[in-house]
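First up is the structure itself, then whatever we jot down about it.
The values are calculated or read from the model by the stated rules, or taken from the named source; none is laboratory data. Everything numeric here is computed off the predicted structure, so don't read it as measured data. Methodologically, a virtual Cβ is constructed for each residue, glycine included, from the backbone with ideal geometry; neighbour enumeration extends over all protein chains shown. The area values use the complete protein model at the heavy-atom level, side chains included, leaving out ligands, DNA and RNA. Shrake-Rupley method; radii C 1.70, N 1.55, O 1.52, S 1.80 Å.
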Amino acid sequence: LSQMQVATRSESKKLIKMKRITKNGALVTDGGEKCDPQKDCICLDGHPIAYQEYHYLMLHKPAGCVTATEDRRDKTVMDYLPDNLRRGLSPVGRLDKDTEGLLLITDDGALNHSLLAPGRHVPKTYYARIHGIVTEADITAFKNGLDIGEKKMTAPATLKILHIAENEQTSEILVTITEGKFHQVKRMFERIGCPVTFLKRVEFGFLNLDGLPTGEVRELSSEEVEKLQSY
Ligand code: URA
(Lines give C-alpha, C1' and ligand atoms only; values in the text may rest on other atoms or scores of the structure.)
Protein backbone atom coordinates (compact mmCIF):
# COMPACT_ATOMS: atom_id res chain seq x y z
CA LEU A 1 0.00 0.00 0.00
CA SER A 2 2.77 2.41 0.85
CA GLN A 3 4.76 1.55 -2.25
CA MET A 4 1.74 2.33 -4.40
CA GLN A 5 1.51 5.63 -2.50
CA VAL A 6 -1.98 4.85 -1.21
CA ALA A 7 -0.85 5.82 2.28
CA THR A 8 2.26 5.85 4.45
CA ARG A 9 3.20 2.58 6.18
CA SER A 10 1.59 3.59 9.46
CA GLU A 11 -1.54 4.92 7.74
CA SER A 12 -1.72 1.62 5.83
CA LYS A 13 -1.73 -0.29 9.11
CA LYS A 14 -4.60 1.91 10.28
CA LEU A 15 -6.53 1.24 7.04
CA ILE A 16 -6.12 -2.49 7.70
CA LYS A 17 -7.32 -2.10 11.30
CA MET A 18 -10.32 -0.14 10.02
CA LYS A 19 -11.18 -3.16 7.80
CA ARG A 20 -10.95 -1.07 4.64
CA ILE A 21 -8.51 -3.33 2.78
CA THR A 22 -9.38 -6.59 1.04
CA LYS A 23 -7.29 -9.12 -0.82
CA ASN A 24 -9.17 -11.03 -3.51
CA GLY A 25 -12.41 -10.07 -1.79
CA ALA A 26 -11.39 -11.24 1.70
CA LEU A 27 -10.77 -8.78 4.51
CA VAL A 28 -7.12 -8.28 5.38
CA THR A 29 -6.63 -8.33 9.15
CA ASP A 30 -2.85 -8.63 9.43
CA GLY A 31 -0.43 -5.85 8.45
CA GLY A 32 2.12 -8.55 7.63
CA GLU A 33 -0.13 -10.22 5.05
CA LYS A 34 1.84 -11.05 1.92
CA CYS A 35 0.54 -10.55 -1.58
CA ASP A 36 1.61 -11.28 -5.11
CA PRO A 37 1.10 -7.99 -6.92
CA GLN A 38 0.85 -9.75 -10.29
CA LYS A 39 -2.00 -12.02 -9.18
CA ASP A 40 -3.79 -10.63 -6.14
CA CYS A 41 -6.41 -7.92 -6.29
CA ILE A 42 -6.02 -5.52 -3.39
CA CYS A 43 -8.88 -3.09 -2.79
CA LEU A 44 -9.35 -0.03 -0.61
CA ASP A 45 -13.03 0.49 0.24
CA GLY A 46 -13.84 -1.90 -2.60
CA HIS A 47 -11.79 0.01 -5.21
CA PRO A 48 -8.88 -1.91 -6.74
CA ILE A 49 -5.42 -0.40 -6.24
CA ALA A 50 -3.52 -0.34 -9.51
CA TYR A 51 -0.15 -2.04 -9.17
CA GLN A 52 2.86 -0.32 -10.65
CA GLU A 53 6.00 -2.41 -10.83
CA TYR A 54 8.47 0.42 -11.23
CA HIS A 55 8.63 4.05 -10.25
CA TYR A 56 9.95 6.81 -12.47
CA LEU A 57 10.62 10.16 -10.86
CA MET A 58 11.96 13.50 -11.96
CA LEU A 59 13.74 15.55 -9.32
CA HIS A 60 14.69 19.20 -9.63
CA LYS A 61 18.00 18.67 -7.85
CA PRO A 62 19.17 21.57 -5.75
CA ALA A 63 22.88 22.41 -5.45
CA GLY A 64 24.56 21.07 -2.31
CA CYS A 65 23.41 17.44 -2.37
CA VAL A 66 25.25 14.49 -3.86
CA THR A 67 23.90 12.13 -6.51
CA ALA A 68 24.09 8.93 -4.49
CA THR A 69 21.70 6.68 -2.64
CA GLU A 70 23.52 7.26 0.65
CA ASP A 71 26.38 9.33 1.96
CA ARG A 72 27.86 9.60 5.41
CA ARG A 73 28.59 13.32 5.16
CA ASP A 74 26.33 15.00 2.64
CA LYS A 75 22.65 15.19 1.96
CA THR A 76 21.76 12.99 -1.03
CA VAL A 77 19.22 13.36 -3.82
CA MET A 78 17.24 10.54 -2.17
CA ASP A 79 16.53 12.84 0.80
CA TYR A 80 14.15 14.76 -1.48
CA LEU A 81 11.92 11.73 -2.15
CA PRO A 82 8.92 10.76 -0.06
CA ASP A 83 9.87 8.03 2.49
CA ASN A 84 7.81 5.33 0.80
CA LEU A 85 9.52 5.91 -2.54
CA ARG A 86 13.15 5.47 -1.58
CA ARG A 87 13.59 1.76 -1.37
CA GLY A 88 15.31 0.29 -4.44
CA LEU A 89 15.43 3.55 -6.41
CA SER A 90 18.63 4.95 -7.92
CA PRO A 91 19.54 8.05 -9.87
CA VAL A 92 20.02 7.79 -13.65
CA GLY A 93 23.57 9.06 -14.10
CA ARG A 94 24.84 11.81 -11.89
CA LEU A 95 24.98 15.55 -11.45
CA ASP A 96 27.83 17.12 -9.48
CA LYS A 97 27.18 18.33 -5.95
CA ASP A 98 27.17 21.96 -7.12
CA THR A 99 25.06 21.24 -10.24
CA GLU A 100 21.30 21.77 -10.18
CA GLY A 101 18.57 20.52 -12.41
CA LEU A 102 16.75 17.61 -13.91
CA LEU A 103 17.64 14.20 -12.52
CA LEU A 104 15.71 11.01 -13.21
CA ILE A 105 15.41 8.46 -10.42
CA THR A 106 13.98 4.98 -10.94
CA ASP A 107 13.97 1.39 -9.75
CA ASP A 108 13.72 0.18 -13.36
CA GLY A 109 17.31 -1.04 -13.65
CA ALA A 110 16.98 -1.95 -17.34
CA LEU A 111 15.82 1.53 -18.31
CA ASN A 112 18.42 3.17 -16.07
CA HIS A 113 21.15 1.13 -17.74
CA SER A 114 19.91 1.67 -21.27
CA LEU A 115 19.57 5.47 -20.91
CA LEU A 116 23.23 5.64 -19.89
CA ALA A 117 24.58 3.22 -22.51
CA PRO A 118 27.28 4.93 -24.60
CA GLY A 119 25.51 4.10 -27.88
CA ARG A 120 22.25 5.63 -26.71
CA HIS A 121 23.17 9.29 -27.17
CA VAL A 122 20.32 10.77 -25.16
CA PRO A 123 20.72 14.56 -25.52
CA LYS A 124 21.16 16.46 -22.27
CA THR A 125 20.93 20.24 -22.23
CA TYR A 126 22.59 22.44 -19.62
CA TYR A 127 22.29 26.12 -18.89
CA ALA A 128 25.59 27.52 -17.67
CA ARG A 129 27.14 30.77 -16.57
CA ILE A 130 30.70 31.01 -17.69
CA HIS A 131 33.63 33.16 -16.63
CA GLY A 132 34.98 34.56 -19.92
CA ILE A 133 33.62 35.41 -23.32
CA VAL A 134 32.32 32.48 -25.34
CA THR A 135 32.77 33.03 -29.10
CA GLU A 136 31.56 31.74 -32.46
CA ALA A 137 34.86 29.84 -32.71
CA ASP A 138 33.93 27.99 -29.51
CA ILE A 139 30.59 26.98 -31.07
CA THR A 140 32.55 25.39 -33.93
CA ALA A 141 35.03 23.76 -31.53
CA PHE A 142 32.18 22.20 -29.51
CA LYS A 143 30.61 20.96 -32.75
CA ASN A 144 33.87 19.42 -33.97
CA GLY A 145 34.72 17.79 -30.62
CA LEU A 146 37.21 18.72 -27.92
CA ASP A 147 40.16 16.94 -26.40
CA ILE A 148 39.34 16.81 -22.68
CA GLY A 149 41.96 14.17 -21.91
CA GLU A 150 39.84 11.16 -22.78
CA LYS A 151 40.81 8.51 -25.34
CA LYS A 152 38.39 10.03 -27.82
CA MET A 153 37.39 13.58 -28.64
CA THR A 154 34.01 14.61 -27.24
CA ALA A 155 31.04 13.86 -29.49
CA PRO A 156 29.55 16.85 -31.36
CA ALA A 157 27.92 19.22 -28.90
CA THR A 158 25.60 22.12 -29.64
CA LEU A 159 26.56 25.39 -27.99
CA LYS A 160 24.23 28.37 -28.01
CA ILE A 161 25.26 31.76 -26.66
CA LEU A 162 22.40 33.38 -24.74
CA HIS A 163 24.08 36.50 -23.39
CA ILE A 164 27.52 38.06 -23.22
CA ALA A 165 28.39 40.65 -20.56
CA GLU A 166 31.62 42.21 -21.84
CA ASN A 167 32.14 44.36 -18.73
CA GLU A 168 31.81 41.49 -16.28
CA GLN A 169 33.58 39.08 -18.67
CA THR A 170 30.81 36.53 -18.30
CA SER A 171 28.69 34.51 -20.72
CA GLU A 172 25.41 32.66 -20.42
CA ILE A 173 25.01 29.64 -22.66
CA LEU A 174 23.01 26.50 -23.40
CA VAL A 175 24.97 23.40 -24.30
CA THR A 176 23.61 20.05 -25.46
CA ILE A 177 25.79 16.95 -25.11
CA THR A 178 24.95 13.35 -25.89
CA GLU A 179 27.52 11.74 -23.60
CA GLY A 180 27.97 11.79 -19.85
CA LYS A 181 31.67 11.80 -19.07
CA PHE A 182 32.79 12.78 -15.58
CA HIS A 183 32.45 16.59 -15.16
CA GLN A 184 32.02 16.74 -18.91
CA VAL A 185 30.54 20.22 -19.33
CA LYS A 186 32.97 21.80 -16.87
CA ARG A 187 35.91 20.10 -18.58
CA MET A 188 34.78 21.23 -22.03
CA PHE A 189 34.67 24.85 -20.90
CA GLU A 190 37.97 24.48 -19.02
CA ARG A 191 39.42 23.32 -22.33
CA ILE A 192 38.47 26.61 -24.04
CA GLY A 193 39.77 28.59 -21.06
CA CYS A 194 36.36 29.64 -19.72
CA PRO A 195 35.45 28.05 -16.37
CA VAL A 196 31.83 27.26 -15.49
CA THR A 197 30.55 29.23 -12.49
CA PHE A 198 26.97 27.88 -12.47
CA LEU A 199 25.56 24.74 -14.05
CA LYS A 200 22.01 23.49 -14.32
CA ARG A 201 20.62 20.62 -16.40
CA VAL A 202 17.43 21.87 -18.02
CA GLU A 203 16.60 18.96 -20.33
CA PHE A 204 17.09 15.22 -20.36
CA GLY A 205 16.00 13.87 -23.74
CA PHE A 206 12.53 15.27 -24.43
CA LEU A 207 11.94 15.97 -20.73
CA ASN A 208 12.36 19.41 -19.22
CA LEU A 209 11.80 20.81 -15.75
CA ASP A 210 8.71 22.69 -16.90
CA GLY A 211 8.36 24.81 -13.78
CA LEU A 212 9.03 22.02 -11.26
CA PRO A 213 10.35 23.94 -8.24
CA THR A 214 13.85 23.25 -6.88
CA GLY A 215 13.87 20.32 -4.46
CA GLU A 216 10.52 19.03 -5.75
CA VAL A 217 9.88 15.67 -7.33
CA ARG A 218 7.17 14.38 -9.64
CA GLU A 219 6.28 11.00 -11.12
CA LEU A 220 6.60 10.64 -14.88
CA SER A 221 3.44 9.82 -16.81
CA SER A 222 3.16 6.45 -18.56
CA GLU A 223 3.50 8.28 -21.91
CA GLU A 224 6.75 9.85 -20.76
CA VAL A 225 8.08 6.47 -19.60
CA GLU A 226 7.17 4.86 -22.95
CA LYS A 227 8.95 7.63 -24.81
CA LEU A 228 12.06 7.18 -22.65
CA GLN A 229 11.98 3.45 -23.35
CA SER A 230 12.04 4.14 -27.08
CA TYR A 231 15.39 6.01 -26.97
N1 URA B 1 28.80 18.14 -16.61
C2 URA B 1 29.43 18.56 -15.50
O3 URA B 1 30.54 19.06 -15.56
N4 URA B 1 28.80 18.42 -14.32
C5 URA B 1 27.57 17.89 -14.19
O6 URA B 1 27.05 17.81 -13.08
C7 URA B 1 26.94 17.46 -15.36
C8 URA B 1 27.57 17.59 -16.55
For this session: Please work out how much length the chain gains when fully extended from Glu53 to Glu224, using 0.36 nm per residue of separation minus the C-alpha to C-alpha distance, in nm with one decimal.
Result: 60.0 nm
Seminar exercise, completed: Gyration tensor (Cα only) of the chain to equivalent ellipsoid, semi-axes in Å sorted down, yields 44, 17, 14
Exercise. How high is the relative contact order of the chain, in percent, with contacts defined as C-alpha pairs under 8 Å that are six or more residues apart?
Worked result: 20 percent
Exercise. With all protein chains present, how much of the accessible area of segment 1-74 (probe radius 1.4 Å) comes from carbon and sulfur, to the nearest whole percent?
Worked result: 48 percent
Exercise. What does segment 141-195 give for Rg and for Dmax, in Å, if only its C-alpha atoms count?
Worked result: 11.6, 37
Problem set entry | Karplus-derived 3J(HN,Hα), 6.51/-1.76/1.60, for each residue of segment 118-123, Hz, glycine and proline x | x, x, 7, 6, 6, x
Exercise. Can you list residues whose amide H is under 5 Å from Thr197's amide H, if they're 5+ apart or on another chain and H is modeled 1.01 Å from N?
Worked result: Arg129, Ile130, His131
Seminar exercise, completed: Counting sequence-distant residues (5 or more places) and residues on other chains, those with an amide H built under 5 Å from that of Met4 are none
Exercise. Taking 0.36 nm per intervening residue step and subtracting the Cα-Cα distance, what contour gain separates Lys152 from Asp210 on full extension?
Worked result: 17.5 nm
For this session: With θ set to phi - 60°, apply the Karplus curve 6.51 cos²θ - 1.76 cosθ + 1.60 along segment 135-151 and write out the HN-Hα couplings as whole Hz, x wherever there is a Gly or Pro.
Result: 10, 4, 4, 5, 4, 5, 4, 5, 5, 7, x, 10, 8, 10, x, 8, 4
Exercise. Roughly what would the spin-label model give for Gln3 and Thr29, points 7 Å off Cα along C-beta, in nm?
Worked result: 2.6 nm
Exercise. Considering only protein heavy atoms, what per residue accessible area in square angstrom results for the chain with a 1.4 angstrom probe?
Worked result: 57 Å²
For this session: Could you list the GluC sites (Glu not before Pro) in segment 97-178 that lie in coil according to DSSP, counting only those with at most 13 other Cβ atoms within 10 Å of their Cβ?
Result: Glu150, Glu166, Glu168
For this session: Give a residue-ordered list of calculated ³J(HN,Hα) values for segment 76-83 (Karplus: 6.51 cos²θ - 1.76 cosθ + 1.60, θ = phi - 60°; whole Hz; x for Gly, Pro).
Result: 10, 4, 5, 5, 8, 8, x, 3
